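Here is the structure we will look at.
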Amino acid sequence: MRDPEYEGLGTLRSPEEHRTPVVTTGFDEQLLLRWHRAMVLIRRAEEVIAEMIESGEVRCPCHLGIGQEAVAVGVASELTSSDRCFGAHRSHSHYLALGAPVEGLLAEVLGRSTGCSGGFGGSMHLKAPEFGLVGTVPIVGATIPIAVGAALALKLDGGNFVAVSFLGDGATEEGVFHESLNLAASMRLPVLFVIENNLYASHLHIDYRQPGDALVRYADAHHVVRELVDGNNVVEVAQATKRLLATVRSERRPAVLEAVTYRWRGHVGHREDVDVGVERRDNLPSWKQRDPIARLEQGMLSLNPQIENQLAKNRSEVDLEIIEALSRARAAPYPNESAVIASVYSTSVNSKGSV
Amino acid sequence: MEYGEAIRTGFHYLLESDRSVIVIGQGLWSPWYVGDTMRDLEKEFGTDRVIDTPVSELACTGAGVGAALCGYRPIVTHPRVDFALLATDQMVNQAAKWNSMFGGTSPVPVVFRMIVNRGGEQGAQHSQSLYSWFAHIPGLRVVVPATPQDAQDLLVAATLSDDPVVYIDDRWLYDWDQAVTAPRAINLASQGPLVLRHGTDITLVGLSWTTRLLMDAANLLQTEGLSCEVVDLRVINPFDASVVAQSVSKTKRLLVAEGDWVTCGVGAEVITRVIEELGPHALSVAPKRVGLVDAPAPTSKPLENNYYPKVQDIVKHVNEMMKWQ
């Protein structure tokens, strides 16, 4: 583990570094292929959504995470469907990485009743509780304390399930992030905070927002264990998650994972970030050389050139899956008008307890 | 049983009968913060279910929302309404909207209990009630118990509701002593305004502390030969005006007393709904709102004393309204 107190992010923030193939030696090929497929699914699904934004078919605000796929896939690889995950505005990747069906996502961004939130959420409000995703919402930082509450529930339940809060570097500037770290640490709650540090909050680089660029330093202030990894290396993300979750599950205490990555599109919408400043325009081509999918493929191919057939199969299967899902999503009806009122309050009064 | 003790009885019933009920907030182990309403509950039910917290209103309220999404029925307690404002995002953006944002499939069975604790020269940031703020938000149910029975029953109903509920109790009521029947499971959706006292001359509408004022005023006015009907609102979101409207259709006179600023307040809603329901000629005299002047609560004793309406103010206003036939 790096010591951010002295080094900050160091080379992790440089697009000229960490471009080498992901080292996959010793990993089960089927596991690597599953990670690859999940990352390709996220990439292709978001590219299709981007096309529909550009054509005007999708109108809800979509915050695409293209380029950041390895974080969600690496973390999700270590979770079960009984763990409880929460995301934010840029959470297509979390939804898909946890195994939720792409049709539910596509139908949701198209506002259809078959969407994962019944057509009431759009891109920014996703849920798939049967896969562990309780909900994602776009108020920055809002789900951080909610994940802590989920961890409280899981602790009271007994067992060893955990809560996971996916957040961005911008959310660490919200006071509630610090309140939540303190609350989770002082109450010893099983929650993993996954900080996807893509160096930008909307348009503004972290150097203009914080006196330091490594966010694991906040964990130290609250006596929380933490790791800092290359977020574009799915193996590194999964391994760090595995180590941290071993602590979270067995010791019932929080942990912080910071994964440094970069998004290839704008804060919102389909465009690349050509419009948000010289620095970002200059860096984007370099960051594309640090592509988490290409690096995984290179690593797998270096060990077994024959694996290209399997990689190609993943790509074609994903394309077919998305085409079919999109076709069904487009054919689905919009939500019923009456649901606007009907969904405000629950209709039942059924205590889950013994009343 | 006194109002404060009735709240504690409600808590005790909930914690004893339902393992999913937990309580979280600042000062729960300290009567300084919550009076006797939670006395020794942590000793009987454990500090893992009755949780005193760091000074983090937002995170603790969010934790209540999160636990509610994962099978529990948390009661998040804020010892002042004013402090709860730090947690507005979790109450208004999150709890109130999750069920709707996720197509009616994410109910949030959490209670936000806030205590009104005014007087005592505490001033602007320790005295607010803000009833109508919360009543404005679709998705929140808002209950404002006045009587000891309701202090107990509406806490139980709020906690058993699958919706987020704002429950506001008032320390000026903690010593109100009335007979209280034993707690039982109650469906909050079936609860609404009630006529506490029947009368024929004028309809007096109150909520929480002002209901007690109105009951005292009605007793005084009876000695002067006036028959006042007192309606206690009890639940102000969703808002049901039918009981008040029915009363006004009989009395033709309407006074609303709220322990809050009248501008855009609960009284404005009551009067509007009555007119909408009964038509422009429903009243024989202009309606009256009694509440706070549009200024933050002062600290200095004489100013504070003038700031809050008294029984005599209600009596005066009613007598003026009765001059008009």
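Output yes when any residue across the range B:155-164 is surrounded by 21 or more Cβ atoms within 10 Å (Cβ to Cβ) and free of Cβ contacts under 8 Å to residues at least 40 places away in the same chain, and no when none is. Taking every residue of the range B:155-164 in turn, at least one turns out to be surrounded by 21 or more Cβ atoms within 10 Å (Cβ to Cβ) and free of Cβ contacts under 8 Å to residues at least 40 places away in the same chain. Just one of (1) modelled with pLDDT of 95 or more; (2) within 29 Å of residue A:216 (Cα to Cα) fails for residue A:59. It is (2).
Here is a yes/no grid of residues against (1) open to solvent by 20 Å² or more (accessible area, probe 1.4 Å); (2) more than 14 Å from chain A (Cβ to nearest Cβ):
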position: B:25; (1), (2): no, no
position: B:31; (1), (2): yes, yes
position: B:37; (1), (2): no, yes
position: B:75; (1), (2): no, no
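Filtered by the rule that a residue be in a helix (DSSP H, G or I) and of a type outside the set (A, V, I, L, M, F, W, C), the range B:40-58 gives B:42, B:43, B:44, B:57. Here the range A:175-191 is the region considered, the condition is being in contact (Cβ under 8 Å) with a residue 60 or more places away in the chain and open to solvent by 10 Å² or more (accessible area, probe 1.4 Å), and the residue that is nearest to residue B:47 (Cα to Cα) is A:188.
If you go through the range B:266-299 and keep only what is closer than 19 Å to residue B:319 by Cα, buried (at least 16 other Cβ atoms within 10 Å of the Cβ) and in contact with a Phe, Trp or Tyr (Cβ under 7 Å, 6 or more places away or on another chain), you end up with B:285, B:291. Out of curiosity, is residue B:204 outside the structural domain of residue B:141 (by TED's automatic domain parsing) and part of a strand (DSSP E or B)? Criteria met by residue B:204.
Annotation note: Cβ proximity below 8 Å between a residue of the range B:75-97 that is among the aromatic types (Phe, Trp, Tyr) and a residue that is modelled with pLDDT of 95 or more and in a helix (DSSP H, G or I) (sequence gap 6+ or interchain) occurs for B:83/B:57.
If you go through the range A:94-103 and keep only what is open to solvent by 10 Å² or more (accessible area, probe 1.4 Å) and in contact with a Gly (Cβ under 7 Å, 6 or more places away or on another chain), you end up with just A:98.
Restricted to the range A:206-319, the set of helices (runs of 4 or more DSSP H) holding at least 3 residues that are within 23 Å of residue A:27 (Cβ to Cβ) and open to solvent by 60 Å² or more (accessible area, probe 1.4 Å) comprises A:234-251, A:292-303. Going through (1) part of a helix (DSSP H, G or I); (2) modelled with pLDDT under 95 one by one, residue B:61 falls short only on (2).
Per-residue answers, yes or no, for (1) open to solvent by less than 10 Å² (accessible area, probe 1.4 Å); (2) of a type in the set (Ser, Thr, Tyr):
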position	(1), (2)
B:145	yes, no
B:175	no, no
B:181	no, yes
B:200	no, yes
B:205	yes, no
B:213	no, no
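Is it the case, given these coordinates, that residue B:66 is open to solvent by less than 10 Å² (accessible area, probe 1.4 Å), part of a loop (DSSP other than H, G, I, E, B) and small (Gly, Ala, Ser)? In short, no.
Inside the range B:105-117, residues that are touching a residue at least 12 places away in the same chain (Cβ under 8 Å) and either open to solvent by 10 Å² or more (accessible area, probe 1.4 Å) or not assigned by TED's automatic domain parsing to the domain that holds residue B:81 (or both) make up a count of 2. Please verify whether residue B:187 is without any contact (Cβ under 8 Å) to a residue 40 or more places away in the chain, over 19 Å from the mean Cα position of the chain (by Cα), at the interface with chain A (Cβ under 9 Å from one of its Cβ atoms) and open to solvent by 20 Å² or more (accessible area, probe 1.4 Å), treating the condition exactly as stated. No. The criterion of being in a helix (DSSP H, G or I), out of contact with any His (no Cβ under 8 Å at 6 or more places or on another chain) and assigned by TED's automatic domain parsing to the domain that holds residue B:175 does not hold for residue B:71.
Could you tell me whether residue B:263 is open to solvent by 70 Å² or more (accessible area, probe 1.4 Å) and at pLDDT 95 or above? The answer is yes for residue B:263. Where helices (runs of 4 or more DSSP H) fall wholly inside the range A:1-98, the ranges with 3 or more residues that are closer than 25 Å to residue A:282 by Cβ and touching a Ser or Thr at 6+ places or on another chain (Cβ under 8 Å) are A:69-76. Residues in the range A:142-166 that are open to solvent by 10 Å² or more (accessible area, probe 1.4 Å) and not in a helix (DSSP H, G or I) were compared, and the one that is nearest to the other protein chains (Cβ to nearest Cβ) is A:161. Among the residues making up the range A:154-165, a single one is without any contact (Cβ under 8 Å) to a residue 60 or more places away in the chain and among the aliphatic types (A, V, I, L, M): A:156.
If you go through the range B:50-57 one residue at a time, do you hit one that is more than 10 Å from chain A (Cβ to nearest Cβ) and either at pLDDT 95 or above or open to solvent by 30 Å² or more (accessible area, probe 1.4 Å) (or both)? Yes, because at least one residue in the range B:50-57 is more than 10 Å from chain A (Cβ to nearest Cβ) and either at pLDDT 95 or above or open to solvent by 30 Å² or more (accessible area, probe 1.4 Å) (or both). In the set B:37, B:77, only one residue is under 29 Å from residue B:5 (Cβ atoms), in contact with a Lys or Arg (Cβ under 8 Å, 6 or more places away or on another chain) and not in a loop (DSSP other than H, G, I, E, B); that residue is B:77. Looking across the range A:105-135 at every residue that is touching a strand residue (DSSP E or B) at 6+ places or on another chain (Cβ under 7 Å) and more than 10 Å from chain B (Cβ to nearest Cβ), the one that is surrounded by the fewest Cβ atoms within 10 Å (Cβ to Cβ) is identified as A:132. Among the residues making up the range B:1-33, those that are of a type in the set (Val, Ile, Thr) and within 20 Å of the chain's Cα centre (by Cα) are B:7, B:9, B:23, B:24.
Residues of the range B:118-146 that are under 29 Å from residue B:160 (Cα atoms) and of a type in the set (S, T, N, Q): B:127, B:128, B:129, B:132.
The values are calculated or read from the model by the stated rules, or taken from the named source; none is laboratory data. All values derive from a computational prediction rather than experimental measurement. Reconstructed Cβ throughout: ideal geometry from the backbone, glycine too, with neighbour counts over all protein chains shown. To get the accessible areas, we keep the full protein, side chains included, count just its heavy atoms, and leave off ligands, DNA and RNA. Shrake-Rupley method; radii C 1.70, N 1.55, O 1.52, S 1.80 Å.
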